[in-house]
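See structure below.
The values are calculated or read from the model by the stated rules, or taken from the named source; none is laboratory data. Predicted, not measured: the structure shown is a model, and the values here were computed from it. Heads up, the Cβs are rebuilt from the backbone with ideal geometry, glycines too, and the neighbour counts pull from every protein chain shown. Accessible surface areas use protein heavy atoms only, side chains included; no ligands, DNA or RNA. Shrake-Rupley method; radii C 1.70, N 1.55, O 1.52, S 1.80 Å.
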Amino acid sequence: MSTVCASCLNILVFVTLQQRDPMLKRDGFEDILEERRNSSDLKYALRCYAPVLYKGVTPCKANMLKNIVLQSDQLRYVINQVSQESGEAPDIIQEEASVILEEMAHRLQISTVRFFAFALSKAFKTLFQHVCVNEEGIQRLQQAIQEHPVVLLPSHRSYMDFLLMSYILYTYDLALPVIAAGMDFMGMKFVGEMLRMSGAFFIRRSFGGDKLYWAVFSEYVKTMLRNGFAPIEFFLEGTRSRTCKSLTPKLGLLNIVIEPFFKGEVFDVNLVPISISYERILEESLYARELLGVPKPKESTSGLLKARRILSEDYGSIHVYFGQPVSVRSLAQGKVNRSTYNLFPRHIPRKPMEETQSFVNDTAYRIVRLQEDNMVLKPWVLMASLLLQNLEGMELSVLTEQTVWLRGLALSYAAFLDWPDHAPTAKVVSSSLALHRGLACVSGGRVSLVVGEPLGPVTPEEALFNRAVSVLSCASYRNQVLHVFLRPAMLAVAMHTAASSKKNEVYNCFSFLWDMFSNDFILCPGDTVQDFEEACYLLVKTGAVQMPQQDIVMTDIGQPTLSFFNGLLEPFLQGYQMLLPTLRSEHSVLCVFTGNLRCYEVLSSDMQKNALAALLRMDAVRKVKV
Amino acid sequence: DTVLAAATITMKLTSTVCFPRQEIMKWNGWGYSDSKFLFNKKGQAEFTGKRYRLSGMVLPSLQDWFENTFGASVNHKSPATPALNASAVPPASLNEAFVEDLKATGIPFSHEAEDRVFRAHGHCLHEIFALREGKKFERVPDMVVWPNCHSDVVKIVELACKHNVCLIPYGGGTSVTSALECPPEETRCIVSLDTSQMNRILWIDEKNLVAHVEAGIIGQDLERLLNESGYCTGHEPDSMEFSSLGGWVATRASGMKKNVYGNIEDLVIHIKVVTPRGVIEKSCQGPRMSTGPDIHHFILGSEGTLGVVTEVTMKIRPIPEYQKYGSVVFPNFEAGVACLREVAKQRCAPASIRLMDNEQFQFGHALKPQVSSIFTNFVEGLKKFYITKFKGFDPHQLVVATLLFEGDRERVLQHEKQVYDIAATFGGLAAGEDNGQRGYILTFVIAYLRDLGMDYYVVAESFETSVPWDRVLDLCRNVKERINRECKERGVQFQPLTSCRVTQTYDAGACVYFYFAFNYRGLADPVHTYERVEHAAREEILANGGSLSHHHGVGKLRKEWMKESISSLGVGMLQSVKDYVDPDNIFGNRNLL
């Protein structure tokens, strides 16, 4: 820390905050369902659809695309290589490649898209009050699509995400994306094919060392990208986040879409972060159960049909925010020396260089943070954060009062809060409670979490399970606000833990926390110092903390803020603390049952996984083969 | 039948007074004083003079093209300062002892402002722009000497060493790399060593087909004189009207017809160089040697940093019996490049094969003269062409390859067929001889057009690179796009013109030549803007696998990329040669390293 010039950093932090400061620049929203409620869905589904394309490229039929891929130098090279290694004839390998491609490739058909446009219009109107989109973002996207190949990078919270994305792009007459989807969908016979015809292409979840598979897959994606046939869409987080926290990004596909830029095959690639915020997630209670170890229901068509009962519920609004397109060229300026690609034939697959790897990793984190920045938060998110710090329940009036206080705090930390205009706070609180009546209830003026009533006699385990479901469901809302408060909250905890108020001691604690939590939260690699400065800046700005000389101390009015922040991270701290001793004993989770469990979140498989990863990373534990 | 009107610009010394070249050449623009483009009172473009095929012709479409392409107007003039303002030239700081000793040798010299300024620059945009604007010169040579032969040069270099005077060799003055610029930090007396009087063919050896020539000879004179004996070198860089043999050696020049004759490094058999350490030359004229690294390659491309090339023995060939131009139209640039690649693969490239992009094709159209037998043919032919064969060709996509075949008649015809057959497989259609010839005429007049542009707020420049075949298309696209983007970001108010052509084919790659121009109205410092954009374009070239230079050289303009290009060890190797040969930096133009 001492090596870094603090005043320079402050300027740096200030500048980055200004760049990222969403208060000034966030666009307004339009409700696209409004028009659907006032005009014919059929007409809408059948209307003329003529999107602008990348530099007027002529659209490429799915079959032609496959031929280009199969005949590419890249694939031919790998086919020969595999053939030499395996002793099989190249024809046979070629045939294998063709089969892989067949299994993978999309078959985008406008008629299917129209079918979805119709069906989803009906479904959305039943499920949601509003589907809001920032139209300026759409305009920026339209511009970007014409100029450079575009990669759409939405956040991933629900199965709905990619249908919703295509639905919106169709609505605005934008080029339909091709979407990387997990193979699991293929299990849904009819639906899998429908998705394929609406632009999904399917990739195996793991194909480790399968060279041929990787070659087909990456060449398929790159061919679409290089030629600008369609925007490419995938989820950086790799899978749906069951906790509503952003997941640390996966790099495979990002590597693939960025490489053509490094190799000079395209002038630039635009990455568009998209934040999809659900007021209520369709999978809400499923997720909590999954986190507690109830296996994820296998994707099946009949399962989907059973899920129809979902249709009778109110899921509030969806906000979709199309962020500013990020130019890979600008990002890479000065970070990656493209001429290092000059000395190797471009069609021969190569592991990315270290410089490139760290650039891609960094980029992935930045994009996920941009997604987080533009996530729309509902009042309920604030209420859930408060309720989780008061599991025994709260007076409604206290909850209301504290929610108002927290709103102010959130706004001063640049949260993207969707707070109803001109509505009295009591009304806002009560309507939030109404929408989420499955999670919290008011009785006798007290608000508390709803615990599902099981049928028949209840074992202690079942009771605990139900309680945990309710806490984890609620936590998935609190988690949505974490990215806003994370850095100041870690500082608050660091101040609380540090032996003194000396800045460098606080920093050491902060740094430890930062490191420990870097699987659980989106913390850009190498940003520890910057995050620390940002946290200081924010806490000083909001008056919670003073920094006389080399100290960091709480102000007279800082108490509520700092204690809220401590409470916010407490479940994580407790969880990690509890997991460490349980790792030593062989009956891990049982210990938790018998003990006096104050922290339900430790039961979440997500937290266990992240904590374990952190402990491994920090050399606190190591894997032993038994 | 050469495209050029044969006119010599070199003059013999008749007395100690030197005939300055600037009497027939522009002091602040390209080429001959009598030849230039202008818009006449009717607003029509004309090319003046009598030297070129296009001379004396009216070009009715040029104004429209010019105004539409650049958003310029013939009503918005940006005229040049009419004459050199001698007060803007720093006074000569002479080394009196050197001057005294030089006088004793009888070698002519001058310290007139005009002579010094004329040799203080090449033809970079910023150099010409500054001359036109009448800007104050920071540093120009303090005097000019005109050696008449090798031994004169030896004397001058000895005196320079003795008196610690800085020498800058000057050949044709066509450098586009700031190579002739005097380093502003140079405090010694700077002497420009003008080789123009060393312009004789000393002997021709018909048995071995080599000629021994003084290095100051200008390209067109060399060809003309050899032609008189039935020979040619076949070395025809685009600058051959003005550039010198010594300059070619010093910059590793490349000629249009290198496919038949080779580049300069293939053509030279023997080089004589005067350095501060003495004279370097080989002891025999063996056609190839295994005697360690070829010392010629220290000289080739040394850009005047090691010494003065005084005499060169060079391969010659009998004048070809038959020459035929040709052209092929392709539906788009991709098809054209694919065809050139195939031609290179089959190693059947004609003497010259060049592929112009659509922008240059359109530009060529704009230079259609009003009356001329050869051009009328072309216009009519082209019309027919459009109606019949061009169907399906998008006029905003199509590109033209120009061809030049040489050899005996039968073989040329055979060769021609082979190339056209290859072209056909890439959708190429033969588009006539006239079209091809026009393409090569443009090569020589295009430099004059920059001066016209500068009269109307348009700045322009060209730059080049060489690149492996598989990256040609990507490089062209990315560089053009980078230029467009940089112009926008740097406040250029009008869409720039970016155009490229593939000018040479090799087994493993091609040479790509870019033109870049924009209307600079509204810019405070157009030259600076231009330089930043060119800088960005060069970075883009390097990032896309292109070389720092194919034939222009490095000079001072591209020095900053040398380490990246040839590694710091490589730079060290060159530096150690420099340190050995010229420890006192007598040849102090500071090019290259």
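To the nearest 10 square angstrom, what accessible area does B:His126 show with a 1.4 Å probe?
40 Å²
How would B:Phe516, A:Phe29 line up by accessible area, probe 1.4 Å, largest first?
Most to least solvent-accessible, the answer reads A:Phe29, B:Phe516.
Give the relative contact order (percent, whole number) for chain A; include only Cα pairs under 8 Å separated by 6+ residues.
15 percent.
Output the direction-averaged projected area (hull surface divided by four) of the convex hull of the alpha-carbon atoms of the protein assembly as shown, in nm².
In nm², the orientation-averaged hull projection of the protein assembly as shown is 58.6.
Cα gyration tensor of the range B:418-505, axes a ≥ b ≥ c as square roots of the eigenvalues: rounded (a/c below 1.5), prolate (a/b > b/c) or oblate?
In terms of gyration-tensor shape, oblate.
Report the trypsin sites (Lys or Arg not before Pro) located in the range A:133-225 that are in a DSSP loop and have at most 16 other Cβ atoms inside 10 Å of their Cβ, or state none.
Passing both the DSSP loop test and the Cβ count: A:Arg204, A:Arg205.
Would the range B:128-254 count as rounded, prolate or oblate if I go by the C-alpha gyration tensor, calling it rounded below 1.5 in a/c and otherwise prolate when a/b exceeds b/c, oblate otherwise?
Oblate, because a/c is 1.5 or more while a/b does not exceed b/c.
Taking loop as defined by DSSP and a crowding limit of 11 other beta carbons within 10 Å, which GluC sites (Glu not before Pro) in the range B:143-204 fit?
Sites meeting the loop and neighbour criteria: B:Glu185.
Rounded to the nearest 0.05, what FRET efficiency is calculated for A:Thr58 and A:Arg107 with R0 set to 30 Å and r the Cβ-Cβ distance?
Efficiency for this residue pair is about 0.95.
Take the cross-link list A:Lys61/A:Lys211; B:Lys315/B:Lys345; B:Lys135/B:Lys556; B:Lys103/B:Lys282 and give me the ones stretching past 30 Å between alpha-carbons.
B:Lys103/B:Lys282
Just the number, please: carbon plus sulfur as a percent of the accessible area of the protein assembly as shown, 1.4 Å probe, no ligands or DNA/RNA counted.
54 percent
Shape verdict for the range B:520-593, please, from the Cα gyration tensor: rounded (a/c under 1.5), prolate (a/b greater than b/c) or oblate.
Verdict is oblate for the range B:520-593.
For the range A:319-330, what does the Karplus curve 6.51 cos²θ - 1.76 cosθ + 1.60, with θ = phi - 60°, yield as ³J(HN,Hα) per residue in whole Hz, taken in order and with x for Gly and Pro?
After applying 6.51 cos²θ - 1.76 cosθ + 1.60, I find 10, 10, 10, 7, x, 4, x, 9, 7, 4, 4, 5 Hz.
From Cα pairs below 8 angstrom and at least 6 apart in sequence, can you work out the relative contact order of the range B:461-534, rounded to a whole percent?
39 percent
Can you give the convex hull volume of the alpha carbon atoms of the range B:196-311 per residue, in Å³?
110 Å³
Which Cα, out of A:Ala144, A:Val82, A:Ala105, lies furthest along the positive dipole direction of the range A:47-154 (beta carbon charges, K/R +1, D/E -1)?
A:Ala144
Using r as the Cβ-Cβ distance of A:Tyr44 and A:Lys189, and R0 as 35 Å, what FRET efficiency do you calculate, to the nearest 0.05?
0.80
Give me the accessible area of B:His111, 1.4 Å probe, in Å² rounded to the nearest 10.
90 Å²
About its Cα centre, what dipole magnitude does chain A give when the only charges are +1 on Lys and Arg Cβ and -1 on Asp and Glu Cβ, stated in debye to the nearest 20?
The dipole of chain A has a size of about 720 debye.
Using alpha-carbon pairs under 8 Å, 6+ residues apart, how would you state the relative contact order of the range A:172-304 in percent?
Value for the range A:172-304: 28 percent.
Within the range A:201-245, list the residues whose amide N lies under 17 Å from a label point set 7 Å along Cα→Cβ of A:Arg350.
It comes to no residues whatsoever.
Compute the FRET efficiency between A:Gln389 and A:Arg205 as 1/(1 + (r/R0)^6), taking r as their Cβ-Cβ distance and R0 = 45 Å, and round to the nearest 0.05.
Plugging the Cβ-Cβ distance into 1/(1 + (r/R0)^6) gives 0.75.
Starting from the amide H of A:Arg446, placed 1.01 Å from N in the peptide plane, find each other amide H under 5 Å away whose residue is 5 or more places distant or on another chain.
So A:Arg446 has HN proximity to A:Leu396.
Heavy-atom accessible surface, probe 1.4 Å, ligands and DNA/RNA ignored: which residues of the range B:519-558 lose at least 50 Å² versus the isolated chain?
For the range B:519-558, once contacts with the other chains are taken into account, B:Ala543 lose 50 Å² or more.
Restricting to DSSP loop positions (anything but H, G, I, E, B) with no more than 11 other Cβ atoms inside 10 Å of their own Cβ, which GluC sites (Glu not before Pro) remain in the range A:336-395?
Sparse-neighbourhood loop GluC sites (Glu not before Pro): A:Glu392.
For B:Lys282, which sequence-distant residues (separation of 5 or more, or a different chain) have an amide H within less than 5 Å of its own amide H, given hydrogens modelled in the peptide plane?
B:Ile271
Treat every Asp and Glu Cβ in the range B:187-268 as -1 and every Lys and Arg Cβ as +1, leave all other atoms uncharged, and give the resulting dipole magnitude about the Cα centre to the nearest 20 debye.
Charge dipole, the range B:187-268, about its Cα centre: 220 debye, nearest 20.
Ballpark to the nearest 100 Å², how much total accessible area do B and A bury together, probe 1.4 Å?
For chain B against chain A, roughly 1300 Å² becomes buried.
Which order do you get for A:Arg467, B:Arg471 if you rank them by accessible area with a 1.4 Å probe, largest at the top?
Largest accessible area first, the residues go A:Arg467, B:Arg471.
Kindly sort A:Tyr213, B:Tyr457 by accessible area of their heavy atoms, largest first, with the probe set to 1.4 Å.
Accessible-area ranking of A:Tyr213, B:Tyr457, largest first: B:Tyr457, A:Tyr213.
Put +1 on the Cβ of each Lys and Arg and -1 on the Cβ of each Asp and Glu in chain B; which of B:His270, B:Cys182, B:Leu62 then has its Cα farthest toward the positive end of the dipole?
Going by the charge dipole, the pick is B:Leu62.
Considering the dipole of the protein assembly as shown built from charges on the beta carbon (Lys and Arg +1, Asp and Glu -1) around the Cα centre, which of B:Val445, A:Ser39, B:Gln397 is farthest to its positive end?
So the residue furthest toward the plus end is A:Ser39.
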